[in-house]
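As structure tokens, the structure follows; a few thoughts come after it.
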Amino acid sequence: MIDALLRRPASAAEVASDGVRLLGAVSLLAALLWHGPVEAALFALVLLGLLVSRCLPAAPLFSSLYGLTLLLAAWSSVMDLYARISWWDLAVHFAATGTIAVMAWYLLAAYGAVTAWQDSGRPVPAFAVPAVVTSLGLALSVLWEFGEWWGHYYVDATINVGYRDTIGDLAAGGLGSVLSGILLARLIRRNPPPHAGTSGAPLQRRLQG
């Protein structure tokens with residue numbers, strides 16, 4: 001993974017993804033200079049997530065969307081948008097859970113736990129990738145809600161928790177994951193790499209699309 005992290009961008013789309021990661025570093029610096037330790041820790045976590053995505057064989061489109069969504073979610077917390085805009089929390093859960101679930105799929109694919117191509121060179125059944133991404137998104141949504149509960153009681157009591165909020169967040173995250181899984185499956189199928197599914201095809205080429 002270190003080699004993947006240090007490699008040069010191979011296309012304009014990858015340059016754009018690295019630009020999003022640079023925004024993450026700038027956001028962390030801004031949090032350190034003008035905000036408190038909680039905000040700095042939040043953006044440090046976001047930057048870590050952005051760097052992890054560079055190590056994965058993810059399509060640049062999803063890498064950019066993933067990074068922008070993480071930054072949006074973090075800055076929304078800092079700017080208190082969740083409290084100011086009633087529907088903003090659900091919108092962020094929809095977008096963020098979907099993109100994070102896709103990155104989780106790429107992480108599993110990097111270790112051979114999931115795949116988009118059979119050994120015969122054919123794609124897996126159409127429902128397979130969306131089903132896995134949706135399952136990952138729902139699981140991550142549960143962890144997110146645990147994090148919100150912990151944050152409410154041990155970090156900041158203004159973090160909104162409660163039955164209605166939790167169910168709404170889980171539903172939004174699940175729907176976002178369904179949509180992201182469908183988009184990922186279509187992207188992979190529309191851009192089949194050479195020798196897809198064979199052992200000789202590099203993982204980067206098999207999965208990026």
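The values are calculated or read from the model by the stated rules, or taken from the named source; none is laboratory data. Here the structure is a predicted model, which is why all the values come from computation and not from measurement. Cβ: placed from backbone, ideal geometry, glycine included. Neighbour counts: every protein chain shown. We work out accessible area using only protein heavy atoms, side chains counted, and drop any ligands, DNA or RNA first. Shrake-Rupley method; radii C 1.70, N 1.55, O 1.52, S 1.80 Å.
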Take the conditions modelled with pLDDT of 95 or more and open to solvent by 10 Å² or more (accessible area, probe 1.4 Å) and apply them to Leu108. Does it pass? no
Out of segment 56-80, which residues are in contact with an Asp or Glu (Cβ under 9 Å, 6 or more places away or on another chain) and either without any contact (Cβ under 8 Å) to a residue 24 or more places away in the chain or outside any helix (DSSP H, G or I) (or both)? Ser76
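Being assigned to a helix (DSSP H, G or I), open to solvent by less than 60 Å² (accessible area, probe 1.4 Å), out of contact with any helix residue (DSSP H, G or I) (no Cβ under 6 Å at 6 or more places or on another chain) and not hydroxyl-bearing (Ser, Thr, Tyr): is that true of Gly174 here?
Criteria not met by Gly174.
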Restricting attention to segment 1-53, and to residues there that are among the charged types (D, E, K, R) and assigned to a helix (DSSP H, G or I), which single residue is farthest from Tyr66 (Cα to Cα)? Asp3
With respect to Pro125, is the statement that it is outside any helix (DSSP H, G or I), surrounded by fewer than 18 Cβ atoms within 10 Å (Cβ to Cβ), of a type outside the set (Gly, Ala, Ser) and over 16 Å from the mean Cα position of the chain (by Cα) true? yes
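Here is a list: Leu138, Leu183. Which entry is closer than 16 Å to Thr69 by Cβ, open to solvent by 70 Å² or more (accessible area, probe 1.4 Å), under 15 Å from the mean Cα position of the chain (by Cα) and modelled with pLDDT of 90 or more?
Details: Leu138 fails: closer than 16 Å to Thr69 by Cβ.
Selected residue: Leu183, the only one of Leu138, Leu183 that is closer than 16 Å to Thr69 by Cβ, open to solvent by 70 Å² or more (accessible area, probe 1.4 Å), under 15 Å from the mean Cα position of the chain (by Cα) and modelled with pLDDT of 90 or more.
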